[in-house]
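Participant: This is the structure I have questions about; it appears just below.
The values are calculated or read from the model by the stated rules, or taken from the named source; none is laboratory data. Small disclaimer: the values here were computed from a predicted structure and weren't measured. Neighbour counts run over all protein chains shown; Cβ positions are idealised from the backbone, glycine included. Just so you know, the surface numbers come from the protein's heavy atoms only, side chains and all, with ligands and any DNA or RNA stripped out. Shrake-Rupley method; radii C 1.70, N 1.55, O 1.52, S 1.80 Å.
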Amino acid sequence: MDQWWQRSERVMPGGVSSPVRSFRGVGGTPFLVERGQGARLFDHDGRSYIDYVMSYGPLILGHAQGQVVAAIQAQAVKGTSYGAPTTLEVEMAETLVGAYPGLEMARLVNSGTEATMSALRVARAVTGRSLVLKFIGCYHGHHDSLLVRAGSGAATLGVPDSAGVPVQMTNLTLTATYNAVGELEDLFRRRGDEIAAVIVEPVAGNMGTIGPEPEFLHALRRLTTDRGSLLIFDEVMSGFRVGWGGAAQHFGITPDLVTLAKVIGAGLPVGAYGGARAFMEQVAPLGPVYQAGTLSGNPLAMAAGLAQLGIIAQQPDFYQRLSLKVNQLAQGLVDRARHHRIPTQATTVGGMMSLFFSERVPRNFSEVEASNGARYRAYFHGMLDRGVFMPPSLFETVFLSAAHTDEEIEATLSAADEVFARL
Ligand SMILES: *Cc1c(COP(=O)(O)O)cnc(C)c1O
């Protein structure tokens, strides 16, 4: 195992394919996964972990769910990519259109990053404007224009902005504080007419889970409509996780464009963006906005995603039950921490949650940063030692799945009780 990690670090930066997996945010050496089943991961030494990372969101039914695996197997023998249209893509696009408020047409891509990059391009083409507004601590993928004060992995490494992104590019990106309506109104008063789009995680999940205050999303919708900017909901994480119709349905606010990924691919590489027909008709080959992909709408990803979404659609109370589990964990953790007199806040929105070691519920990135990071690191390692894999950074969301049993949640709470006793 250690030998594998040494080999890994020799040939891959930080030993990983994506930074947060390196445990830089919490210290120590990551385990290498051998397999996953249900709510559990198994490493190369045969240790088992109750998994609350779940591939950072996609696995809402758990690891290696039987029907999802069967759908992938059935498709694999028919070929893995064609470079020609399939009925699977039609079914996926129809599913998204049927589920998401205001979504009339969708384009399938390979990742959340691609989805947000392309949605921005559409917004700029439609409005003829250049500026975009994002919120500090929201992450929208790693393309240049949005890799600005981007929370999540970047925040874990303490790099607010990435090297290698020319200032000329980020000059086109304005930033504002999440949940700060006054600041937003002021920005729009000064520069509203130059803003092509506001992109937002309607439930922030890349500074831990931070819900929107009710007036925040309403203000975004009102200001963008008034000034002719497009409102983009980045629901790569929240889509099909806080509910079937994402945060848009949950909060009753319809954006102009939406980006999706994670849950819609069930752990295979996927993404999608879409919106009103008038906007999406700007995309090539119908319109002048170029965007393409060799593997886009990949049949394996479509088969896996359709199987996962199909299972959810058959259970009218799916999200209700998921959020009950989330609340059971959140409340259980808070109760045990309070018992040991550790100031702790749990935030939950639907299937998303986070635990912060702070006196008050954080509402934005700087309040998350002000929470007790050293205590989070100790908590993370205490839990890992007891076979529970919590997110290896306080800026990441805790993900549960339908596969997490009451027994596993109880075992998690018992482990937490021991850990809190020693903090
Ligand atoms: C994960 C995430 C992305 C990036 O998606 P990738 O598939 O990792 O490129 C974009 N936006 C949000 C809100 C995300 O959570």
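Participant: Could you please let me know if Val26 is touching a helix residue (DSSP H, G or I) at 6+ places or on another chain (Cβ under 6 Å), open to solvent by less than 70 Å² (accessible area, probe 1.4 Å) and assigned to a loop (DSSP other than H, G, I, E, B)?
Facilitator: So Val26 passes the test.
Participant: Which of the residues that make up region 217-230 are closer than 22 Å to Arg149 by Cβ and either small (Gly, Ala, Ser) or within 16 Å of the ligand (Cβ to nearest atom) (or both)?
Facilitator: Passing the criteria: Leu217, Ala219, Leu220, Ser229.
Participant: Next question. In region 45-68, how many are free of Cβ contacts under 8 Å to residues at least 40 places away in the same chain and either of a type in the set (S, T, N, Q) or within 16 Å of the ligand (Cβ to nearest atom) (or both)?
Facilitator: Adding up the residues that qualify gives 0.
Participant: Failed condition for Thr209, given (1) surrounded by fewer than 24 Cβ atoms within 10 Å (Cβ to Cβ); (2) hydroxyl-bearing (Ser, Thr, Tyr); (3) within 21 Å of the chain's Cα centre (by Cα), with all others met?
Facilitator: It fails just one condition, (1).
Participant: Out of everything in region 231-290 that is in contact with a strand residue (DSSP E or B) (Cβ under 6 Å, 6 or more places away or on another chain) and of a type in the set (S, T, N, Q), what residue ends up being nearest to the ligand (Cβ to nearest atom)?
Facilitator: This residue is Thr259.
Participant: For region 69-84, what are the residues that are within 17 Å of Gln308 (Cα to Cα) and in contact (Cβ under 8 Å) with a residue 24 or more places away in the chain?
Facilitator: Answer for region 69-84, where residues must be within 17 Å of Gln308 (Cα to Cα) and in contact (Cβ under 8 Å) with a residue 24 or more places away in the chain: Ala70, Ala71, Ile72, Ala74, Gln75, Ala76.
Participant: For Ala70, all conditions in the list (1) surrounded by fewer than 19 Cβ atoms within 10 Å (Cβ to Cβ); (2) at pLDDT 95 or above; (3) touching a Ser or Thr at 6+ places or on another chain (Cβ under 8 Å) hold save one; what is the number of the exception?
Facilitator: Among (1) surrounded by fewer than 19 Cβ atoms within 10 Å (Cβ to Cβ); (2) at pLDDT 95 or above; (3) touching a Ser or Thr at 6+ places or on another chain (Cβ under 8 Å), the lone unmet condition for Ala70 is (3).
Participant: When both residues are 6+ apart or on different chains and their Cβ atoms are under 7 Å apart, which pairs have a first residue that lies in region 257-269 and is open to solvent by less than 10 Å² (accessible area, probe 1.4 Å), and a second that is among the acidic types (Asp, Glu) and within 10 Å of the ligand (Cβ to nearest atom)?
Facilitator: Val258/Glu235; Thr259/Asp234; Thr259/Glu235; Leu260/Glu235
Participant: Sticking with this structure for a sec: Looking at region 222-230, is at least one residue surrounded by fewer than 24 Cβ atoms within 10 Å (Cβ to Cβ), among the hydrophobic types (A, V, I, L, M, F, W, C) and free of Cβ contacts under 8 Å to residues at least 60 places away in the same chain?
Facilitator: Yes, because at least one residue in region 222-230 is surrounded by fewer than 24 Cβ atoms within 10 Å (Cβ to Cβ), among the hydrophobic types (A, V, I, L, M, F, W, C) and free of Cβ contacts under 8 Å to residues at least 60 places away in the same chain.
Participant: Continuing with the same structure: Before we move on, is Ala330 assigned by TED's automatic domain parsing to the domain that holds Met54, out of contact with any Gly (no Cβ under 6 Å at 6 or more places or on another chain), open to solvent by less than 40 Å² (accessible area, probe 1.4 Å) and in a helix (DSSP H, G or I)?
Facilitator: Answer is yes for this residue.
Participant: Something else now. Please go through (1) within 17 Å of the chain's Cα centre (by Cα); (2) surrounded by fewer than 22 Cβ atoms within 10 Å (Cβ to Cβ) for Gly246 and return the number of the only condition it doesn't satisfy.
Facilitator: (2)
Participant: How many residues, within region 40-52, are part of a loop (DSSP other than H, G, I, E, B), out of contact with any Leu (no Cβ under 8 Å at 6 or more places or on another chain) and at pLDDT 95 or above?
Facilitator: Here the count works out to 1.
Participant: Could I ask something else about it? I'd like the full set of residues that are among the aliphatic types (A, V, I, L, M), within 30 Å of Gly66 (Cα to Cα) and either over 22 Å from the mean Cα position of the chain (by Cα) or open to solvent by 60 Å² or more (accessible area, probe 1.4 Å) (or both), limited to region 1-23.
Facilitator: Met1
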